[in-house]
Amino acid sequence: MTEADAHLEIGRTAKEGGHKLAALAYNAVSDMIRHRRLGGGHVIVEARLAETLGVSRTPLREALQRLEGEGLVHKGDGRNYVVRHVDIGEYIQSLKLRLLIEPQAAVEAMNNIPGRKLVEVHREIDELMGATAYHTDAHWFSDDHLHNLIIDYCGNEVMAGVLRSLRATTRLFEIGQLKDRLKPDSTEHLVIIDALQRKDPIAAHHAVAAHIESLIAFARMHIVINE
């Protein structure tokens, strides 16, 4: 290996290491946002967060830029990033827009989703409902898995992009009673899976619409309870 080749290899290794650190930082910050350790409106001080995560500011900045692209953080008045705050009004409006789009996305995705992936999600839901203790991460994972199958296989990148953005918004809304959604979410998801497996477009459209309408009703009930 020549000296020039050695420098290229070192540079490539350093670059790969940087990408790995950025990915680790992304996962860590995403997790902090999901578990509300970084709540809506929280100002992220990069130096402090980088020290907490044990990384330099460069991979952290890459992670924050990725999160910004996903709509989870935004640039504040100064140079710092801020965790995006979603109130009940924006949450319900986002769900209403999903209601207009996602049922059709499910119909478009129906013939494209591999059957084994639907079987996997079904198994996850069965395990989730059969667990003796509630696990927030497992609930989110199951929810993401099914809805992302619809998004990823709908065959329309514009539709997929809109739905990803809307899901980022609805995920940021802080519902305290998330545990109360376990049974209805799981039951409604199983109905969606059944319709997709049977390749019934009318049933799939109706099942997804009913699920989102259930989320809207739950949010409105949440407002009444907390008034």
Among residues of the stretch 65-89 being over 15 Å from G41 (Cα atoms) and touching a residue at least 12 places away in the same chain (Cβ under 8 Å), the residue farthest from the chain's Cα centre (by Cα) is R66
If you go through L95, L99, L60, the only one that is assigned to a helix (DSSP H, G or I), at pLDDT 90 or above, within 15 Å of A25 (Cα to Cα) and open to solvent by less than 70 Å² (accessible area, probe 1.4 Å) is L60
In the stretch 130-150, how many residues are farther than 16 Å from V208 by Cα, part of a helix (DSSP H, G or I) and open to solvent by less than 80 Å² (accessible area, probe 1.4 Å)? 6
I'd like the residue in the stretch 177-201 that is modelled with pLDDT under 85 and assigned to a helix (DSSP H, G or I) and, out of all such residues, is surrounded by the most Cβ atoms within 10 Å (Cβ to Cβ). L182
State which residue pairs qualify: first residue outside any loop (DSSP other than H, G, I, E, B) and inside the stretch 34-53, second residue of a type in the set (G, A, S) in any location, beta carbons under 7 Å apart, and separation of 6 or more residues or different chains. V43/G76; A50/S56; L53/A25; L53/A28
For the stretch 102-119, what are the residues that are open to solvent by less than 60 Å² (accessible area, probe 1.4 Å) and either outside any helix (DSSP H, G or I) or charged (D, E, K, R) (or both)? E102, M110, I113, P114, K117
From the list L118, L215, L163, which one is in contact with a helix residue (DSSP H, G or I) (Cβ under 6 Å, 6 or more places away or on another chain), of a type outside the set (S, T, Y) and more than 24 Å from L72 (Cα to Cα)? L118
Looking at the stretch 151-162, can you tell me whether even one residue there is open to solvent by 70 Å² or more (accessible area, probe 1.4 Å), out of contact with any strand residue (DSSP E or B) (no Cβ under 8 Å at 6 or more places or on another chain) and at pLDDT below 95? no
Given (1) modelled with pLDDT under 95; (2) touching a Pro at 6+ places or on another chain (Cβ under 9 Å), identify the lone condition not met by A204. (1)
How about the stretch 41-57: which of its residues are on the phi < 0 side of the Ramachandran plot and open to solvent by less than 80 Å² (accessible area, probe 1.4 Å)? H42, V43, I44, V45, E46, A47, L49, A50, L53, V55, S56
Which residue out of E90, E127 is open to solvent by 20 Å² or more (accessible area, probe 1.4 Å), over 21 Å from S30 (Cβ atoms) and either among the aliphatic types (A, V, I, L, M) or in a helix (DSSP H, G or I) (or both)? E127
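The values are calculated or read from the model by the stated rules, or taken from the named source; none is laboratory data. As the structure is a computational prediction, the values presented were derived from the model and not from experiment. When we count neighbours, we look across all protein chains shown, and the Cβ atoms used for this are built from the backbone with ideal geometry, even at glycine. Please note that ligands, DNA and RNA were not included when accessible areas were found on the heavy atoms of the full protein model with its side chains. Shrake-Rupley method; radii C 1.70, N 1.55, O 1.52, S 1.80 Å.
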